[in-house]
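Take a look at the structure set out below.
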Amino acid sequence: MGYMGAGKTTMGKKLASALSLDFIDIDIFIETRYKKTINQIFEELGEKKFREIENSVLKEISEFDNVIVSTGGGTPCFFDNIDVMNQTGLTIYLEATPSALAKRLHKSKEKRPLLKDKTDEELVDYIRINLEKRVDYYNQAHFIFNTDNILTKEDIDSYIEPLIKNIEQTINRD
Ligand code: S3P
């Protein structure tokens, strides 16, 4: 879990391949099932309906065993989603500062209904304010992993090993 641009999909795929587990991206799962992009769902059905769909899909996916799941940025912050996630899996929050997120989202904001109308100047302020509302949910994750220094594809590779070690150490300690 983590804000838009935190690297959930990229890190999730890497983690799944390192651990030989299947990977599920909740947004892609929704897009495939509803045969619409997330942008279309927001435009045609509205955010409220999207959150209901997200909640029911999360509950469905939480029944799966041995998968790495990348949530949408808002997933843990609606309904009882964070409790469902924490009760059925090990959760990781990919943390990043608003300015690091804005830099990463600069090119891909069109794909995101909540960001597509924001200018670059508005983007960082929107992220700061929105992140403040969400951080209490994100901080309930079992693990918090800072991604500010991950700038290249090579950085991701070198961060996966320590992430797995950190998780294993914590599991063995508890
Ligand atoms: C959202 C994040 C998006 C997607 C939707 C809403 C959010 O997922 O679920 O556009 O509220 O933060 P990503 O975080 O994968 O972009």
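Bear in mind these aren't lab numbers, they're just calculated from the coordinates by the rules spelled out. Note that the structure is a prediction, hence the values are computed from the model and not measured. Don't worry about glycine lacking a Cβ; one is built from the backbone with ideal geometry, like all the others, and counts go over all protein chains shown.
Phi angles of the range 12-17 translate, via the Karplus equation with coefficients 6.51, -1.76, 1.60 and θ = phi - 60°, into HN-Hα couplings of x, 5, 5, 4, 4, 5 Hz per residue; Gly and Pro are given as x. Counting neighbouring beta carbons within 10 Å and listing from fewest to most, the residues 62, 20 come out as 20, 62.
Each semi-axis of the equivalent ellipsoid for the chain is √(5λ) with λ an eigenvalue of the Cα gyration tensor; in descending order they amount to 24, 20, 15 Å. Ranked by how many other Cβ atoms sit within 10 Å of their own Cβ, fewest first, the residues 88, 152 fall in the order 152, 88. Annotated for the range 12-106: lysine pairs at least 8 residues apart or interchain, Cα distance under 18 Å, count 5. Sorting 128, 51 from the fewest to the most surrounding beta carbons within 10 angstrom yields 128, 51. 3J(HN,Hα) along the range 71-80, derived from phi through the Karplus expression 6.51 cos²θ - 1.76 cosθ + 1.60 where θ = phi - 60°, amounts to 7, x, x, x, 3, x, 9, 10, 6, 9 Hz, with x in place of Gly and Pro. All other residues whose Cβ lies under 14 angstrom from that of residue 161 are scored, Lys and Arg at +1 and Asp and Glu at -1, for a net of -2. Compare the Cα positions of 24, 113, 93 along the charge dipole of the chain (+1 at Cβ of Lys, Arg; -1 at Cβ of Asp, Glu; about the Cα centre) and return the one farthest towards the positive end. Result: 113. 3J(HN,Hα) along the range 125-138: 5, 4, 4, 4, 5, 5, 5, 4, 6, 9, 4, 5, 6, 4 Hz, from the Karplus curve 6.51 cos²θ - 1.76 cosθ + 1.60 with θ = phi - 60°, whole Hz, x for Gly and Pro.
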